[in-house]
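Working notes, structure below.
Every read-out reported here was derived from the displayed coordinates using simple, explicitly stated rules and does not represent laboratory data. These numbers come from a predicted model, not from an experiment. Here the Cβ positions follow ideal geometry from the backbone for every residue, glycine too, while neighbour counts run over all protein chains shown.
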Amino acid sequence: MLNTSSLGYLAIDDPVLYDWLAAFAASFNQLQQQVGVDTAPSPQTSAAQALAAPAAPASLTVAAARGTFNVTVGASRGAAASAQYFLESASDPAFGASRIVYPLGQTQSLSLNLGNATRYFRVRAKYPSSNYSPYTYFGTAASPTAVAGGLAGSNDILANAPSNAVNNAAVDSIDTGSSTTARIYGPGGVGSSWTQDYGQGARAFPAGTISGLAYAATYYVAWDTAAQMFVAAETLSGVVSDNYAFAGKLTTVASGGAGGVSGGGGPNFGTGGCTEVGTPLEFPEGSLARVKIEPCDDWIEIELESGERLAMARGTLVSVFRQAEDLREGEMVEVGREGNVSAIRKIGRSWRASQKMVVSVRPHGTYWAAGIRVHNMKLL
């Protein structure tokens, strides 16, 4: 802070100048207090601790539901508007190695999507040129209150969010005399368990059967995690309940056992948008991407009014959530990171030997290929 103690002689020699400098120093010091900095700390004081720390935040409230934690911080009493707040969360009440710090700046409320986890919270404040205030806990310092996030349902997910899950199940059918029976099993053959890999890890499911299915009919098969049994539906919408783990799609055999189309696993319902090798790719900040190269000789090629061109394998989803082969001239697709759209000027199909990049992106499942926003989900 500025002070005028060394200018006392001016009070006698030039009182007008002294009064002006004293008023200037007082105004300047008041401004520094308001913005939380000290441009002239005393020699024995660290520049980062020149100001007194603000009081501890007045309050901290946390409420959670469906995986989202809503946090509100009460302003430090008497603090200037420049006070900055730092929220901390941890999975243990001692705020050990699991501690995560969220610099809030001057923001005093936020929502954190942490899923069905249990977390503890505390917050403290500081000025740019001060030390930290004491902590304010949700609960008490001796006994912080645990907050459980809760499970989210499908209605809480953004529309058209991609499904980052694949499995190694096999689904086929056999003739049982008057109907068919679907069999669901893993890589070890009939009777072996199968595994679903998804964004948070993997989970195993048992083998099983579904009897009484019609001949030469298409079914979508899933494991009901609540009822602990397999279910079959004639439409995809019949197996999208939050309790279901999708296994596969099949066409049952005809009477006598002939025909039929088996399914299951990634080929029917999985991830991996596919664009031609050499296409420039961009990924959202903080995402993890995997790229696998595979041969391909069937391409959908589009050219937009804005100039972007893209060659995609059949089944690749663009940002309008339509498969490449279902796009039509004049339809709008999303381009760039700003959410702009452009119309398709030309679209065609070509057969030529080349390679495709099978891309899987976590956590959001979207990326940009040649500037066009695409999804890494493939529909059934």
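Once a ≥ b ≥ c are taken as the square roots of the eigenvalues of the Cα gyration tensor of segment 272-378, is the result rounded (a/c under 1.5), prolate (a/b larger than b/c) or oblate (a/b not larger than b/c)?
On the way: a/c = 1.75, a/b = 1.07, b/c = 1.64.
It is oblate, given that a/c is not under 1.5 and a/b is not larger than b/c.
Can you give the charge dipole size of segment 272-378 about its Cα centre, rounded to the nearest 20 debye, using +1 on the beta carbon of Lys and Arg and -1 on the beta carbon of Asp and Glu?
Details: 15 positive and 16 negative charges, 60 e Å.
Dipole of segment 272-378, to the nearest 20 debye: 280 debye.
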Scattering from the C-alpha atoms of segment 57-152 alone, worked out with Debye: what is log10 I(q)/I(0) at q = 0.10, 0.12, 0.13, 0.18 1/Å? -0.25, -0.35, -0.41, -0.77
Which far-off residues, 5 or more places away or on another chain, put their amide H under 5 Å from the one on residue 306, with H placed in the peptide plane? 343
Using the crude model of +1 on Lys and Arg Cβ and -1 on Asp and Glu Cβ, and no other charge, please compute the dipole size for segment 165-251 relative to its Cα centre, in debye to 20. 100
